[in-house]
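J.: I'd like to ask some things about the structure below.
The values are calculated or read from the model by the stated rules, or taken from the named source; none is laboratory data. These figures come from a predicted structure and were not determined experimentally. Note: ideal-geometry Cβ built from the backbone for every residue, glycine included; neighbour counts use all protein chains shown.
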Amino acid sequence: MSNSSSMPAQAKSLKHAGEDIWKNRTEKVNAELFTLTYGAIVSQLCTDYERNFQKVNEQLYSMGYNIGVRLIEDFLARTALPRCENMVSTSEVVSKCAFKIFLNITPQITNWSHEKDAFSLILVENPLSDFVELPMDAMKQLWYSNILCGVLRGALEMVQLDCDVWFISDVLRGDPQTELRIKLNKVLKDEIPIGED
Amino acid sequence: MPQYFAIIGKRDNPVYEAEFTAQQGQQGQVQQGFPQNLKELNPFILHASLDIIEDLQWKTNPNTQSGSNSGGGGGFLRSRNVANVDNCYLCKVDHFYGLAVTAYLTYGGMKFVMIHGNMNNGDVQIDDNSVRAFYQEVHELYIKTLMNPFYKINDPITSPAFDSRVRALARKYLNK
Amino acid sequence: MAIYSFWIFDKHCNCLFNREWTLAANSSSGTVNSKQNEETAKLLYGMIFSLRSITLKLSQSPPANEIRSISTGKYRVHTHCTASGMWFILTTDFKQQSYGQVLQYIYSHIYVKYITHNLLAPFDLAENPSETRGQGTRKINNRHFIAALESFLAPMIMQ
């Protein structure tokens, strides 16, 4: 069984699994409530940090991280997926399963780096940012959906993938598309009990 | 004919204002705006009619004053039994030397008011159906603005997107 | 069919929880979190750890060659390893073929619900490096978790 022939079939079944879990085994929440809740958090953070948007970005990121490290267990409990062998399959799982199950969107995977260790997700629609219009002073600095970076970073770290995750562009800032970059730093080693090495 | 449109907040504070003129930018047409002296007067005319709107708010049949009873039945304006937004539109509520004032009241108490100017000193004819459609679509835009987490209720609306959409609606419904 | 004990290990090789039943007929017998720092826990972990590293090496091509159960003359050890490094282990008598579904259920409906989704509890019990690599002593004491686990496993113990 060669790797190349198994890939499309695997990707297809991931898509199917994601759709099935979203349809049958995911409790839904009202979209407006969800969007407004997140919006209230971001705008409150902007007030609390006196419009220091760099701080707001960091705060959103760390909130996302705290979500991600727990969300991964939820994700694995639903999907029972094993660890991915490479970043290509990781990207498929993130896009077709994770985003599908939790946000009901399937971002496009593009812009692979030459070494296949970094890729971009294009978010055609972003349920976090419906209705949002950034104020003028936030346009250049605030990454409104930065919580997503934190979530991905936390979740991937828990499956031993040390990654950097950041936004490259956002339609809210007037960019043509919303692009999120994921870059693998290294695969963390599983711990072994003392005395085994 | 030109119009002056404003959204008035719950504390009678202006939230948004705009002036629409006929067929902007078309060749051979003079910009049909309000005369300068009237321009300055417009906000005062609008504010004068706010009292009437607040009175009408609790009247059983708000449409009787304007004379054109357009389907609005009995019952309080804010009746719980009427689920449609039709009774938000109050038709013509006031007039001022040949200018007509129409109004629309959202369920949250925001007042949408508009002065309809006249071109040739004749009486202003108001096409209730298109004016109502205009108000209803602006109402939808307003709700979307309200959903923006960075917008606080009763703050002035500064979004250029909102402004251009409202102007597009004005071209569509008022100054065909 | 009888269940003798249940264990949870985390990715730091620490035993987070164990439950032992001493009387087959009584689902409330036995102890909670009594043996996790004893030799038993270390031996159990070591056995699965070694077998796991062998089986994973035996077959390189995906999907990973995970061990599901280990049987001896009298016992059977059922394992469920998640991608996040959690191990759920059940020791039963010899007759029971597979408890994979049971362990998956415990993970997804009991562990995730009461431990992971409990936002005020730490997501990682090892607080500093000296509590990693099998040296940690912290335990899961959440009573909702213990109650849910016991009531789920009770019918299987009494069989």
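J.: Take the residues in the stretch A:158-171 that are closer than 21 Å to A:PHE131 by Cα and surrounded by 19 or more Cβ atoms within 10 Å (Cβ to Cβ); name whichever of them is nearest to the other protein chains (Cβ to nearest Cβ).
T.: A:ASP170
J.: Looking at the stretch C:100-107, can you tell me whether even one residue there is outside any loop (DSSP other than H, G, I, E, B), buried (at least 20 other Cβ atoms within 10 Å of the Cβ), within 9 Å of chain A (Cβ to nearest Cβ) and not basic (Lys, Arg)?
T.: Yes, the stretch C:100-107 contains at least one residue that is outside any loop (DSSP other than H, G, I, E, B), buried (at least 20 other Cβ atoms within 10 Å of the Cβ), within 9 Å of chain A (Cβ to nearest Cβ) and not basic (Lys, Arg).
J.: Sticking with this structure for a sec: Could you tell me which of the residues C:ILE140, C:ILE115 is of a type in the set (A, V, I, L, M), under 13 Å from the mean Cα position of the chain (by Cα) and either surrounded by 12 or more Cβ atoms within 10 Å (Cβ to Cβ) or at pLDDT below 85 (or both)?
T.: C:ILE140
J.: Filtering the stretch C:109-120 down to residues that are assigned to a loop (DSSP other than H, G, I, E, B) and more than 8 Å from every other protein chain (Cβ to nearest Cβ), which residue is farthest from A:ALA77 (Cα to Cα)?
T.: So, considering only residues that are assigned to a loop (DSSP other than H, G, I, E, B) and more than 8 Å from every other protein chain (Cβ to nearest Cβ), the one farthest from A:ALA77 (Cα to Cα) is C:LEU120.
J.: Which of (1) part of a helix (DSSP H, G or I); (2) of a type in the set (Ser, Thr, Tyr); (3) modelled with pLDDT under 90; (4) buried (at least 21 other Cβ atoms within 10 Å of the Cβ) does C:SER130 not meet, given it meets every other one?
T.: Every listed condition holds for C:SER130 apart from (4).
J.: How about the stretch A:175-197: which of its residues are without any contact (Cβ under 8 Å) to a residue 40 or more places away in the chain and under 26 Å from A:PRO127 (Cα atoms)?
T.: A:ASP175, A:PRO176
J.: For the subset of the stretch C:48-98 comprising residues that are within 13 Å of another protein chain (Cβ to nearest Cβ) and in contact (Cβ under 8 Å) with a residue 40 or more places away in the chain, which member is farthest from A:ALA155 (Cα to Cα)?
T.: Looking at residues that are within 13 Å of another protein chain (Cβ to nearest Cβ) and in contact (Cβ under 8 Å) with a residue 40 or more places away in the chain, I get C:ILE48.
J.: Would you please list the contacts, defined by Cβ atoms under 9 Å and residues six or more apart or on different chains, that run from a residue in the stretch B:89-111 that is under 15 Å from B:TYR16 (Cβ atoms) to a residue that is polar (S, T, N, Q)?
T.: Correct list of pairs: B:ALA103/B:SER49; B:TYR104/B:GLN136; B:MET110/B:ASN154.
J.: State which residue is farthest from the other protein chains (Cβ to nearest Cβ) when the search covers only the stretch A:43-54 and only residues that are under 23 Å from the mean Cα position of the chain (by Cα) and exposed (fewer than 15 other Cβ atoms within 10 Å of the Cβ).
T.: That would be A:GLN54.
J.: Given the conditions (1) surrounded by fewer than 21 Cβ atoms within 10 Å (Cβ to Cβ); (2) away from chain C (no Cβ under 14 Å), and given that A:THR79 satisfies all but one, which numbered condition is not satisfied?
T.: Condition not satisfied by A:THR79: (2).
J.: Another question, if that's okay. Just to check your reading of the model, which residue among A:LYS116, A:LYS140 is closer than 27 Å to B:LYS144 by Cβ, among the basic types (Lys, Arg) and not in a helix (DSSP H, G or I)?
T.: A:LYS140
J.: Moving on. Specify the residue that is modelled with the highest pLDDT; the eligible residues are those in the stretch C:50-83 that are in a helix (DSSP H, G or I) and closer than 24 Å to C:LYS95 by Cα.
T.: Looking at the filtered set, the residue picked out is C:LEU51.
J.: Return the pairs, sorted by first residue and then second, in which the second residue is among the hydroxyl-bearing types (Ser, Thr, Tyr), the first residue lies in the stretch C:121-136 and is within 10 Å of chain A (Cβ to nearest Cβ), the beta carbons are less than 8 Å apart, and the residues are 6+ apart or on different chains.
T.: Short answer, once both residue conditions are applied: C:PHE123/C:THR116; C:ALA126/C:THR132; C:GLY134/C:TYR45.
J.: Among the residues of the stretch A:96-152, which ones are free of Cβ contacts under 8 Å to residues at least 24 places away in the same chain and within 14 Å of chain B (Cβ to nearest Cβ)?
T.: If the condition is that a residue be free of Cβ contacts under 8 Å to residues at least 24 places away in the same chain and within 14 Å of chain B (Cβ to nearest Cβ), then A:PRO135, A:MET136 are the ones that fit.
J.: Scan the stretch A:172-197 for residues that are assigned to a strand (DSSP E or B) and away from chain C (no Cβ under 14 Å) and jot them down.
T.: A:THR178, A:GLU179, A:LEU180, A:ARG181, A:ILE182, A:LYS183, A:LEU184, A:ASN185, A:LYS186
J.: Here is a further query. Could you tell me whether the stretch B:160-175 includes any residue that is within 12 Å of chain A (Cβ to nearest Cβ), of a type outside the set (Lys, Arg) and over 17 Å from the mean Cα position of the chain (by Cα)?
T.: Yes, that holds for at least one residue.
J.: Out of contact with any helix residue (DSSP H, G or I) (no Cβ under 6 Å at 6 or more places or on another chain), among the polar types (S, T, N, Q) and within 14 Å of another protein chain (Cβ to nearest Cβ) - does that describe any residue in the stretch B:139-152?
T.: The answer is yes, given that some residue of the stretch B:139-152 is out of contact with any helix residue (DSSP H, G or I) (no Cβ under 6 Å at 6 or more places or on another chain), among the polar types (S, T, N, Q) and within 14 Å of another protein chain (Cβ to nearest Cβ).
J.: Looking at the stretch B:124-151, which of its residues are among the hydroxyl-bearing types (Ser, Thr, Tyr) and either modelled with pLDDT of 90 or more or farther than 20 Å from B:ASN175 by Cα (or both)?
T.: B:TYR142, B:THR145, B:TYR151
J.: Identify all residues within the stretch C:137-154 that are assigned to a helix (DSSP H, G or I) and either in contact with a Pro (Cβ under 9 Å, 6 or more places away or on another chain) or in contact (Cβ under 8 Å) with a residue 12 or more places away in the chain (or both); write none if there are none.
T.: Matches in the stretch C:137-154: C:HIS144, C:PHE145, C:ILE146, C:ALA148, C:LEU149, C:GLU150, C:PHE152, C:LEU153, C:ALA154.
J.: Across the stretch A:82-91, which residue is farthest from the other protein chains (Cβ to nearest Cβ) among those that are part of a helix (DSSP H, G or I) and closer than 21 Å to A:ILE67 by Cα?
T.: By that ranking, first place goes to A:SER91.
J.: Keeping to the stretch A:95-113, report how many residues are out of contact with any strand residue (DSSP E or B) (no Cβ under 7 Å at 6 or more places or on another chain) and in a helix (DSSP H, G or I).
T.: Going through the stretch A:95-113 one residue at a time, the tally reaches 8.
J.: Does the stretch A:62-75 include one or more residues that are within 11 Å of another protein chain (Cβ to nearest Cβ), without any contact (Cβ under 8 Å) to a residue 60 or more places away in the chain, among the acidic types (Asp, Glu) and under 19 Å from C:VAL112 (Cα atoms)?
T.: Yes; the residues of the stretch A:62-75 include at least one that is within 11 Å of another protein chain (Cβ to nearest Cβ), without any contact (Cβ under 8 Å) to a residue 60 or more places away in the chain, among the acidic types (Asp, Glu) and under 19 Å from C:VAL112 (Cα atoms).
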